[in-house]
Amino acid sequence: WGPFDRLDYGIQHSDYEHTEFEGDGEAGTIFTSDGYEARLEAHHRGERLRGAIGMQFSDVDFGAIGEEAFISDTNTQDTGIFIVERLDFGGWGLEGGARFERRELDNAIAGSRDFDTWSASGGLFFRPAQNWFVGATLARTERAPTAVELFSDGLHLATESYEIGDPDLDPETALSLEGSVRFDNGRISSELNLYRIEFEDYIALLDTGVIFWVDEDTDTDGFDPPDAAPVDAELFGVFGFGQQDATFEGGEFAIRALLFETNGVAVSADAAYDWVRASFDGGGVPPRIPPSSLTLGLSADGERWSGRVEILDVAEQDRLAAFETATDGYTFFNASLAFRPHGEDSNWSLRLDARNLGDELGRVHSSFLKDDIVLPGRNVRLTFLTNF
């Protein structure tokens, strides 16, 4: 149809409900989510120019009934239109995109809010020599607040905290610059990505310094201050959504090399490292920023058998928001073995995975529940995969 050679379209509907049961088996809070999403994309592909235009729409009703309903009933509608294009001259090229989105939220208690957001990006890439690729992208993106960020007001046990939204939040704006370098000659491949993102009105969930207490013996609750918590009450931190300007910097580096081949088996080694540093422009650090991590691996791939051993080392995170505690680093030793009876033509395979063979203690710094829930210890998984 005209310049377009492919049309992608889809629609999905979801009707979800779950009940949180109390210790005595009685039904507690009930959460529901009912909605649908539709997407349409028209693609074109020429000798030098390729891209797509499209639109997307979603309509979701969220509800919660019970004592732990931390947000009242909310309808969220998102409508977006977008375009992305890539112009490739061989030795160099251009790429870019733009998106407009309208978000309409209607809350049963706080009322409604509407947001119009614009995002755009532009990039330039080169192939300065055989097997090399160099690119850079400049983007300005806007993100509208979510229903939880705007309207939450209650005890959220999934995060072990009392959350308070801000219905006056503005869209979050990010100006980002990213550069990448790639090399691949068949035996050795590597990639380096570096980025810097300057956020205006970055939305973060921050400690208010107030405590919310629940006393099951007297069936009472309150805030401390102003009301002092009873001795045996259960305590929860009170967190509020707010906005501050922030800057994120980071990158990723990965390299893979074919070491040798013998008897139809290719042995290769790989390494990957990623890191991010974040800070508020006015001082302090945003919460739940993941630490840097390093992965070292050795793989053997044959027609029917493949295996891998790797070391995953996650650093300690001691760059903390005011209310956070440091998270120790950890090192996991992992191994896997896969069998394909008919090689690449197999429609089934067996896979054996062993993770954290040293049974190390690991915690995820970005988790709200890092002090209560740790990563799995030594574990083994046998998987049967098939396709038809």
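The values are calculated or read from the model by the stated rules, or taken from the named source; none is laboratory data. Quick caveat, the model's predicted, so the values are computed rather than measured. Ideal geometry is used to build each Cβ from the backbone, glycine not excepted, and the neighbour counts take in all protein chains shown. Note: accessible area is taken over every heavy atom of the protein model, side chains too, but ligands, DNA and RNA are not part of it. Shrake-Rupley method; radii C 1.70, N 1.55, O 1.52, S 1.80 Å.
For the chain, with a Gaussian network of springs between Cα atoms less than 10 Å apart, report the residue from Gly209, Gly329, Gly251 with the top mean-square fluctuation.
Checking each option, the largest mean-square fluctuation is seen for Gly209.
Å³ per residue of the Cα convex hull, for the range 4-90? It would help to have the intermediate numbers written out before the result.
On the way: hull volume 11.1 nm³, N = 87.
Cα convex hull per residue, to the nearest whole number: 128 Å³.
Once you charge only the Cβ atoms, +1 for Lys and Arg and -1 for Asp and Glu, what is the size of the charge dipole of the range 125-215 about its Cα centre, to the nearest 20 debye?
Here the range 125-215 has a charge dipole of around 1080 debye.
Based on Cβ point charges of +1 for Lys and Arg and -1 for Asp and Glu, what charge dipole magnitude is obtained for the chain about its Cα centre, in debye rounded to the nearest 20?
Dipole of the chain, to the nearest 20 debye: 3300 debye.
Restricting attention to the range 328-384, which trypsin sites (Lys or Arg not before Pro) occupy a DSSP loop and are surrounded by at most 16 other Cβ atoms within 10 Å?
When the trypsin sites (Lys or Arg not before Pro) of the range 328-384 are filtered for loop state and at most 16 Cβ neighbours within 10 Å, Arg378 remain.
Could you give the length gained by full extension between Val231 and Ile81, i.e. 0.36 nm per residue of separation minus their alpha carbon distance, to one decimal place?
On the way: separation 150, 0.36 × 150 = 54.00 nm, distance 5.52 nm.
Difference between extended and current length: 48.5 nm.
For the chain, take N as its residue count and report Rg(C-alpha) divided by 2.2 N^0.38 Å.
Against the compact-globule rule of thumb, the ratio is 1.19.
How much of the accessible area of the range 140-276, probe 1.4 Å, is carbon plus sulfur, in whole percent?
Its accessible area is 53 percent carbon and sulfur atoms.
Placing unit charges on C-beta atoms (Lys and Arg positive, Asp and Glu negative, everything else neutral), compute the dipole magnitude of the range 224-315 about its Cα centre in debye, rounded to 20. Don't jump to the answer; show the numbers that get you there.
Numbers: 5 positive and 15 negative charges, 84 e Å.
Dipole magnitude for the range 224-315 comes out near 400 debye.
I want to verify a result. In a Gaussian network model of the chain, Cα cutoff 10 Å, which of these has the top mean-square fluctuation: Tyr195, Tyr162, Tyr36?
Judging by the Gaussian network model, the answer is Tyr36.
Go through Ala228, Gly96, Gln317 and say which Cα lies farthest out towards the positive end of the charge dipole of the chain; charges sit on Cβ, +1 for Lys and Arg, -1 for Asp and Glu.
So the residue furthest toward the plus end is Gly96.
Report relative contact order for the range 1-107 in percent, whole number only (criteria: Cα-Cα under 8 Å, sequence separation at least 6).
21 percent.
Give the residue list of chymotrypsin sites (Phe, Trp or Tyr not before Pro) in the range 196-237 that are DSSP loop and have at most 14 other beta-carbon atoms within 10 angstrom. Numbers along the way, then the final one.
Values: sites: Phe199, Tyr202, Phe212, Trp213, Phe223, Phe236; in loops: none.
Here no loop site has a sparse enough neighbourhood.
Given the options Gly165, Tyr16, Pro291, identify the residue whose Cα lies farthest towards the positive end of the charge dipole of the chain (+1 on Cβ of Lys, Arg; -1 on Cβ of Asp, Glu).
Pro291
Rank these residues by their accessible area, most exposed first, probe 1.4 Å: Ile203, Ile11, Ile83.
I get Ile11, Ile83, Ile203, largest accessible area first.
Connecting C-alpha atoms closer than 10 Å in a GNM of the chain, tell me which of Ala354, Ala233, Ala27 has the biggest fluctuation.
Most flexible of the set in this elastic network: Ala27.
Can you grab the distance from the C-alpha centre of the range 336-380 to the C-alpha centre of the range 3-29, Å, no decimals?
Answer, in whole Å: 27.
When only C-alpha pairs under 8 Å and at least 6 residues apart count, what is the relative contact order of the chain, in percent? It would help to have the intermediate numbers written out before the result.
Details: 1012 pairs, mean separation 29.3, N = 388.
It rounds to 8 percent for the chain.
Set the Förster distance to 22 Å, then compute FRET efficiency between Phe223 and Leu320 from the Cβ-Cβ distance, nearest 0.05.
Details: r = 25 Å, r/R0 = 1.13.
Efficiency, rounded to the nearest 0.05: 0.35.
Calculate, in nm to one decimal, what Asp116 and Arg378 gain on full extension: separation in residues at 0.36 nm each, minus their alpha carbon distance.
This chain segment gains 89.5 nm when fully extended.
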